[in-house]
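K.L.:
Before we start, here is the structure in question, set down as structure tokens.
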Amino acid sequence: MSGADIHLPAAGPQNALGEPVRAALPQIPDGIRSLPDYARHAMAHIEASAWAHIESGADQGLTLAHNRTAFDRLQLCPESLCDLTQASTRQTLLAQVLRWPVMLAPVAYHRLAHPEGELATARAAMAMQTGFIVSTLSSYSLEETMVAAQTATQEVGRSAPMWFQLYKQTERSHCLRLVRRAEDAGYQAIVWTVDAGIKRSGFALPPGVVAANLRDFPPQPLHVSDLMRDSILFGSALADNAPCWDDLQWLRQQTRLPLIIKGVLSARSARAMVEMGADALIVSNHGGRVLDGTVSPVDALPAIRSAVGPETPLLLDGGVRYGTDVFKALALGANAVLIGRPQLYSLAVAGMLGTAHMLHVLRTEVELAMAQMGCARLADIQDTLLFKAAHR
């Protein structure tokens, strides 16, 4: 056998480029001008299978792609001669102050991107006065993540809302334990995700990455393996455990914290959720990861706003990458938007510094869009500033 025929195993984990995974950088790399730039750099800093999981969408990826193209179809029609001397991005939402209309969406397993995971994300969020929704499937516990946020607040003198995202557990007692832990830790709202109880998943967590909040719980039903069943999914433990209206009624009775429901695309369901006690809704298709071919959140938003009226807070999740996307969502009726995957991109590239910088870039774009569109305050952002809305 010649030396040319010898293939030595690769040393360490490989990224999607077929190279060793690069550690997070101590500074922001050259060429970062927008959130998509972080995605381009992040590929080198994340293990290949984790990268594929983060980037994946359901089936053909149609919903994933549509979340972006729906924003791109909307055009802006600027107003001029606006007085910006008292301009502000501040608002009060659920009696909590948002310094700008962006929050970090609940994203699982931040340690896939960086060893400090949610701890680094929480520090960046507080430094940039950006609300953070911590996932049930976080790789650091909800208590550890809250301590990181509180410590950052003490150090930099800045803060933002911290919310806890809840997935339904097999036993209601387990759900209630998570809610009580969130209340005791100081979280200011419960975000209940209802659209991902049944979904495909073939990703195995790498060593050292776990669902830290669920360590003491028995494993959830994940799949149906009996090929001879009369029904493949129906009648299984997975299907029987899917969220339902009775769960909403029960959960509303368990906490005095604001209850926000995430995963809403139907105007009819949205109205019913508010009538049953939901304090706010997140219009979302789970980042295109659950069901292919669904409507994009930004397309569903106007009908949901009409259904629930002007008083119910609406947040939008899915496809937001630029400050103009934030502006468009607010023009169509959102009070704020959520940012998902870019958290992991920026965390992988430069840790806490990267995520803080990513938020700084986006906030700069939001303020620039408002200034150029002639909007000194969030209340000035109306659908008449969208070319598509004005010429239906």
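The values are calculated or read from the model by the stated rules, or taken from the named source; none is laboratory data. What you see is a predicted model; the values in this text were computed from it and never measured. Glycine also receives a Cβ, built like all others from the backbone with ideal geometry; neighbour counts cover every protein chain displayed.
K.L.:
Which numbered condition trips up T85, out of (1) among the polar types (S, T, N, Q); (2) touching a His at 6+ places or on another chain (Cβ under 6 Å); (3) surrounded by fewer than 19 Cβ atoms within 10 Å (Cβ to Cβ)?
P.N.:
The one condition T85 does not meet is (2).
K.L.:
I would also like to ask the following. Taking the criterion of being closer than 19 Å to A334 by Cβ, of a type in the set (G, A, S) and in a loop (DSSP other than H, G, I, E, B), would at least one residue in region 164-186 satisfy it?
P.N.:
No, that holds for no residue.
K.L.:
One residue is enough: does region 6-20 have a residue meeting the conditions β-branched (V, I, T), in a loop (DSSP other than H, G, I, E, B) and modelled with pLDDT under 90?
P.N.:
Among the residues of region 6-20, at least one is β-branched (V, I, T), in a loop (DSSP other than H, G, I, E, B) and modelled with pLDDT under 90, which makes the answer yes.
K.L.:
Let me ask you something else. Take residues that are in contact with an Asp or Glu (Cβ under 9 Å, 6 or more places away or on another chain) and touching a residue at least 40 places away in the same chain (Cβ under 8 Å) and tell me which of the strands (runs of 3 or more DSSP E) falling wholly in region 244-322 contain 1 or more.
P.N.:
Answer list for region 244-322: 259-264, 280-284.
K.L.:
Mind checking which pairs have a first residue in region 47-60 that is surrounded by fewer than 20 Cβ atoms within 10 Å (Cβ to Cβ) and a second that is of a type in the set (D, E), Cβ under 6 Å, 6 or more apart or different chains?
P.N.:
D59/D292; Q60/D292
K.L.:
When the residues of region 106-134 are narrowed to those that are part of a loop (DSSP other than H, G, I, E, B) and touching a helix residue (DSSP H, G or I) at 6+ places or on another chain (Cβ under 8 Å), which ends up surrounded by the fewest Cβ atoms within 10 Å (Cβ to Cβ)?
P.N.:
Once the filter is applied, the top-ranked residue is E116.
Yes/no matrix, rows are residues, columns are (1) β-branched (V, I, T); (2) modelled with pLDDT of 95 or more; (3) in a loop (DSSP other than H, G, I, E, B); (4) loosely packed, with under 13 Cβ neighbours inside 10 Å:
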residue: Q188; (1), (2), (3), (4): no, yes, yes, no
residue: G197; (1), (2), (3), (4): no, no, yes, no
residue: N213; (1), (2), (3), (4): no, yes, no, no
residue: V224; (1), (2), (3), (4): yes, no, yes, no
residue: D230; (1), (2), (3), (4): no, no, yes, yes
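K.L.:
May I pose another question? So which residues in region 357-379 are part of a helix (DSSP H, G or I) and over 26 Å from the mean Cα position of the chain (by Cα), if there are any at all?
P.N.:
Of everything in region 357-379, those that are part of a helix (DSSP H, G or I) and over 26 Å from the mean Cα position of the chain (by Cα) turn out to be A371, Q372, M373.
K.L.:
Further question: Filter region 365-381 down to residues that are in contact with a helix residue (DSSP H, G or I) (Cβ under 7 Å, 6 or more places away or on another chain) and surrounded by fewer than 16 Cβ atoms within 10 Å (Cβ to Cβ), then give me how many there are.
P.N.:
Selection size over region 365-381: 1.
K.L.:
Somewhere in region 61-72, is a residue modelled with pLDDT of 95 or more, out of contact with any helix residue (DSSP H, G or I) (no Cβ under 9 Å at 6 or more places or on another chain), crowded, with 20+ Cβ neighbours inside 10 Å and of a type in the set (A, V, I, L, M)?
P.N.:
No, region 61-72 has no match at all.
K.L.:
Name the one entry in L330, L316 that is crowded, with 23+ Cβ neighbours inside 10 Å, touching a strand residue (DSSP E or B) at 6+ places or on another chain (Cβ under 7 Å) and under 22 Å from V97 (Cβ atoms).
P.N.:
Sole residue among the options that is crowded, with 23+ Cβ neighbours inside 10 Å, touching a strand residue (DSSP E or B) at 6+ places or on another chain (Cβ under 7 Å) and under 22 Å from V97 (Cβ atoms): L316.
K.L.:
Whether any residue in region 95-105 is closer than 30 Å to M373 by Cα, of a type in the set (A, V, I, L, M, F, W, C), in contact with a Pro (Cβ under 9 Å, 6 or more places away or on another chain) and surrounded by fewer than 18 Cβ atoms within 10 Å (Cβ to Cβ) is what I want to check.
P.N.:
Yes - at least one qualifying residue is present in region 95-105.
K.L.:
For region 21-43, name all the residues that are part of a loop (DSSP other than H, G, I, E, B) and of a type in the set (D, E, K, R).
P.N.:
R22, D30, R33
K.L.:
Select from region 260-309 the residues that are acidic (D, E) and farther than 14 Å from A329 by Cα and write down the one among them that is farthest from the chain's Cα centre (by Cα).
P.N.:
Applying the filter and picking the extreme gives E275.
K.L.:
Enumerate the pairs (first residue in region 62-77 and within 15 Å of A300 (Cα to Cα); second residue anywhere and among the acidic types (D, E) and outside any helix (DSSP H, G or I)) with beta-carbon separation below 6 Å, excluding pairs fewer than 6 apart on the same chain, so at least 6 apart or on different chains.
P.N.:
T63/D292
K.L.:
A follow-up question, please. Could you list, in sequence order, all residues of region 153-184 that are surrounded by 21 or more Cβ atoms within 10 Å (Cβ to Cβ) and small (G, A, S)?
P.N.:
Once the filter is applied, which keeps residues that are surrounded by 21 or more Cβ atoms within 10 Å (Cβ to Cβ) and small (G, A, S), region 153-184 yields A160, A182.
K.L.:
Another question about this same structure. Report whether or not A65 is closer than 30 Å to Y187 by Cα and either assigned to a helix (DSSP H, G or I) or in contact with a Phe, Trp or Tyr (Cβ under 8 Å, 6 or more places away or on another chain) (or both).
P.N.:
no
K.L.:
Would region 330-340 turn up any residue that is more than 23 Å from L76 (Cα to Cα) and either free of Cβ contacts under 8 Å to residues at least 60 places away in the same chain or assigned to a loop (DSSP other than H, G, I, E, B) (or both)?
P.N.:
Yes; the residues of region 330-340 include at least one that is more than 23 Å from L76 (Cα to Cα) and either free of Cβ contacts under 8 Å to residues at least 60 places away in the same chain or assigned to a loop (DSSP other than H, G, I, E, B) (or both).
K.L.:
Output the residue which, of all residues in region 135-152 that are over 18 Å from the mean Cα position of the chain (by Cα) and farther than 18 Å from L344 by Cβ, is surrounded by the most Cβ atoms within 10 Å (Cβ to Cβ).
P.N.:
A152
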